Amino acid sequence: MSQAVESLLEAVQERRLPWFLSPPGPHHYDGPYMVLDFETTNAEKGSPILRENRVVAVAWYVQGEGSIQYERGNEFNLPAFSAALQQHQARSGHLVGHNIKFDLQWLARCGYDLHHYLVYDTMLGEYVLDGNVSRPRNLDAVAKRYGRVGKASHVDNMMRAGVCPSEMPHDYLRARAIRDVKDTLHIYLAQKRKLTERRQLAVQYTRCLLTPVLAHMELQGLRLDKARVQQEYDRAVAEYNEALLEFNELTGGVNPRSPAQMAKLIYDKLGFSELTNKGGFLIRGKASKAFPLGAPKTDQKTLDKLRATTAQQKRFLELRAKVGKLDAQLTKTLTFFKKVVDERGGIFYGQYNQAVTATHRLSSSGRRITFADGTSGSLQFQNMPNVFKDLIRAKQDGWLVGDHDGSQLEFRVAAFLGNDAKAKTNIRADVDQHTFTAAQMLNKPESEVTKEERRLAKPDTFKPMYGGQRGTKAQERYYAAFRREFAALAETQKSWTYTVLESDKLRTPWGMEFHFPGTRMRDDGYIDNTPSIYNYPIQSLATAEIIPIALVYLWHRLYINHARSVIVNTVHDSVVGEVAPDEQELWLALGLLCFTVDVYEYLRFVYDLDFDVPLGVGSGLAERWEAPGGFERELNVEPDGTYWSKGDRAK
């Protein structure tokens, strides 16, 4: 780490964080609250990203001020609401709403800076209480669970029929907005009591700290590099046409979407042997006129399992895989990208979903775009194929794309939760777990493992950490070796399954509760839901707590250091930003601080967790996202501040 970065670290740590992070903790919810609800025009469900949408009205309630207030107007003309909001903010109060990310984005459209707001989202509160139980969490459903009547059906019916709130009778809209605030207030008060009783208010605080960050990120969008998109699109089209031509010549023009034609080609003409089950019987589909004994299987999973014994069979499988891969690249990604750069200036948007996954990590959705030819498409920010990340660039010329990711974060979390001395030692010694995997699977010394053997072993490395027990002989040999190598972790995870077997739930040290109703032990000793029981605590602490904490601090520290650089995406264990030319050292320094030191302190302050495993951060800067030739650096930091990179240690 350079002296410049070390000096910068000292300087940025002195800048004061917002009041609700100084120090962090759910005690900030003891302060005054303000409940709010925006009513907007409803194109694309009222998305504030759509510039033609506008505010129609807002209702709000400030603690201790009597009745609910209502004001009709637009984002440029809400004087009473603006005065109430500013007065509330001056008192260090928090904002309350249901799915408040939507309201925050409209606040941003109104000109307010989201960095100043602590929020409490009643949708997220219900999510925390539910743990991994899936059920509706819209305002109407949650309100009814708390004894409220729910929304007025005639207003909802009008909205479903396409009537814009701006065209609804004024009294109807006013009644709806006031009722929504009443319901949210009722839920908030009851929910906060319940979260406090269950010692889960800290989890809710963490979930809600992330909400303004996501609201701000969604408004940024991602920018495509037009030249690189055109290059990749042309490559894929050319390769697809070439492969398809050879495929058609080999198959005689068989329609790949016709199971009957494909079955005759694969098993009659090419002579593949059909798959059989353990009893030796053919694995087939339903019987038909053409196949009275059952239709031979031609789906992709079956094709992946077929074994080629002739050159023609081998070439068929290669071409089939290549055509399928290129078709997927074009239909799922590149055609969408091409239209975005041609018609939308290269910018597209996504949405982060906070209340969906069982482990509480984020998921994402793409915002659909309709193009000039009448087609539409979208792409999830978090599921973008790695090969196409290189097509993302910064919006401003001369800026770089930066990223930070938590190094081997889930393994480090597992070492902590299992209090596994061997795992902690391996992390500190930079032991290559993938080489260990290959050696065990191939039954050979680690010194003899090749780079290719190591690469092929990667998918199996952490499977036993997530309950993997069955597989090939080589895999099972490795899984057993992993459990021997990290015996304390294996015993801890096994104890989780017995806890669930006894109580149908598992409570983590930081307050999350995961429910597994009806879990039973089978005759062979296997406990139902073992993979999920092994997985949820690890994935949750790593990507639903630690990464959001790092992201929150990075967002606020960029702001208090007056940075122009902006965060534009997060993918599970990483954060992506657009970095100004003169802020590269700042980006690197803040990544190190926020992904390590800030996380340690937050876990101690908020969850009373003494995380005693070194945290690592890998940082990069390039012309495009993960483009070749960029700068990369990985540092590890101990709780006491000691850091090292590739074996070099310093304080």
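The values are calculated or read from the model by the stated rules, or taken from the named source; none is laboratory data. What you are looking at is a predicted structure, and each value in this text was computed from that prediction instead of being measured. All Cβ positions, even for glycine, are placed from backbone atoms using ideal geometry, and neighbour counts span all protein chains on display. The area values use the complete protein model at the heavy-atom level, side chains included, leaving out ligands, DNA and RNA. Shrake-Rupley method; radii C 1.70, N 1.55, O 1.52, S 1.80 Å.
Does any residue of region 280-290 turn out to be among the β-branched types (Val, Ile, Thr), in a loop (DSSP other than H, G, I, E, B) and open to solvent by 40 Å² or more (accessible area, probe 1.4 Å)? Outline the logic, then answer.
Residues of region 280-290 among the β-branched types (Val, Ile, Thr): 283.
Add one more test, that the residue is in a loop (DSSP other than H, G, I, E, B), and what stays is 283.
From what's left, open to solvent by 40 Å² or more (accessible area, probe 1.4 Å): 283.
Checked against the condition, which is being among the β-branched types (Val, Ile, Thr), in a loop (DSSP other than H, G, I, E, B) and open to solvent by 40 Å² or more (accessible area, probe 1.4 Å), region 280-290 yields at least one hit.
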Odd one out for Ala439, checked against (1) over 18 Å from Asp225 (Cβ atoms); (2) open to solvent by 30 Å² or more (accessible area, probe 1.4 Å): (2)
Count - residues of region 32-54 that are at negative phi, open to solvent by 20 Å² or more (accessible area, probe 1.4 Å) and either assigned to a strand (DSSP E or B) or not β-branched (Val, Ile, Thr) (or both): 9
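Working carefully through the options Arg160, Arg179, find the one that is under 17 Å from Val96 (Cβ atoms), charged (D, E, K, R) and out of contact with any helix residue (DSSP H, G or I) (no Cβ under 8 Å at 6 or more places or on another chain).
Numbers: Arg160 fails: under 17 Å from Val96 (Cβ atoms).
It is Arg179.
Determine if region 575-592 includes at least one residue that is of a type in the set (S, T, N, Q), farther than 20 Å from Lys424 by Cα and open to solvent by 30 Å² or more (accessible area, probe 1.4 Å). If you could, list the steps in order and put the result at the bottom.
Of the residues in region 575-592, the ones of a type in the set (S, T, N, Q) are 584.
Subset that is farther than 20 Å from Lys424 by Cα: 584.
Right, trim to open to solvent by 30 Å² or more (accessible area, probe 1.4 Å) and you get 584.
Yes, some residue in region 575-592 is of a type in the set (S, T, N, Q), farther than 20 Å from Lys424 by Cα and open to solvent by 30 Å² or more (accessible area, probe 1.4 Å).
Residue-wise test of (1) in contact with a Ser or Thr (Cβ under 7 Å, 6 or more places away or on another chain); (2) touching a residue at least 60 places away in the same chain (Cβ under 8 Å).
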site: Thr122; (1), (2): yes, yes
site: Arg135; (1), (2): no, no
site: Asp140; (1), (2): no, no
site: Ala143; (1), (2): no, no
site: Asn157; (1), (2): no, no
site: Arg176; (1), (2): no, yes
site: Arg179; (1), (2): no, no
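Filter region 60-86 for residues that are of a type outside the set (Ser, Thr, Tyr) and loosely packed, with under 13 Cβ neighbours inside 10 Å and give the result.
Gly64, Gly66, Phe76, Asn77, Pro79, Ala83, Gln86
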Close pairs (8 angstrom Cβ cut-off, 6 or more residues apart or separate chains): on the phi > 0 side of the Ramachandran plot in region 557-573, basic (Lys, Arg) anywhere: His572/Arg361
Test for Glu232: is it over 24 Å from Lys305 (Cβ atoms) and surrounded by 17 or more Cβ atoms within 10 Å (Cβ to Cβ): yes
Scope region 292-326; condition surrounded by fewer than 16 Cβ atoms within 10 Å (Cβ to Cβ) and not in a helix (DSSP H, G or I); matching residues: Pro292, Leu293, Gly294, Asp299, Arg307, Ala308, Thr309, Thr310
Leading residue by the ranking (farthest from Trp399 (Cα to Cα)) among those in region 621-636 that are open to solvent by less than 60 Å² (accessible area, probe 1.4 Å) and at pLDDT below 95: Asn636
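Identify, from the list Val133, Val128, the residue that is within 21 Å of the chain's Cα centre (by Cα), hydrophobic (A, V, I, L, M, F, W, C), closer than 30 Å to Phe516 by Cβ and part of a loop (DSSP other than H, G, I, E, B). Even if it seems obvious, please write down each step before you answer.
Values: Val128 fails: part of a loop (DSSP other than H, G, I, E, B).
Only one candidate passes the filter, namely Val133.
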Qualifying residue in region 314-331 (condition: in contact with a helix residue (DSSP H, G or I) (Cβ under 9 Å, 6 or more places away or on another chain), at pLDDT 95 or above and under 30 Å from Gly46 (Cβ atoms)): no
Exclusive hit being out of contact with any strand residue (DSSP E or B) (no Cβ under 8 Å at 6 or more places or on another chain), crowded, with 19+ Cβ neighbours inside 10 Å and closer than 30 Å to Glu232 by Cβ, set Thr543, Thr570: Thr543
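Mind telling me which of the residues Tyr526, Tyr553, Tyr559 ends up being aromatic (Phe, Trp, Tyr), surrounded by fewer than 22 Cβ atoms within 10 Å (Cβ to Cβ) and in contact with a helix residue (DSSP H, G or I) (Cβ under 6 Å, 6 or more places away or on another chain)?
Details: Tyr526 fails: in contact with a helix residue (DSSP H, G or I) (Cβ under 6 Å, 6 or more places away or on another chain); Tyr553 fails: surrounded by fewer than 22 Cβ atoms within 10 Å (Cβ to Cβ).
The unique qualifying residue is Tyr559.
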Qualifying positions in region 397-422 - among the aromatic types (Phe, Trp, Tyr) and over 18 Å from Ala487 (Cβ atoms): Trp399
Residues (in contact (Cβ under 8 Å) with a residue 12 or more places away in the chain, surrounded by fewer than 20 Cβ atoms within 10 Å (Cβ to Cβ) and not in a helix (DSSP H, G or I)) located in region 482-507: Asp504, Lys505
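Name the single residue, out of those in region 156-182 being of a type in the set (A, V, I, L, M) and farther than 18 Å from Asn53 by Cβ, that is surrounded by the fewest Cβ atoms within 10 Å (Cβ to Cβ). Give the derivation first.
Residues of region 156-182 of a type in the set (A, V, I, L, M): 158-159, 161, 163, 168, 173, 175, 177-178, 181.
The next check asks that each one be farther than 18 Å from Asn53 by Cβ; those that pass are 161, 175, 178, 181.
Working: Ala161: 7, Ala175: 16, Ile178: 18, Val181: 23.
Restricting to residues being of a type in the set (A, V, I, L, M) and farther than 18 Å from Asn53 by Cβ, the top hit is Ala161.
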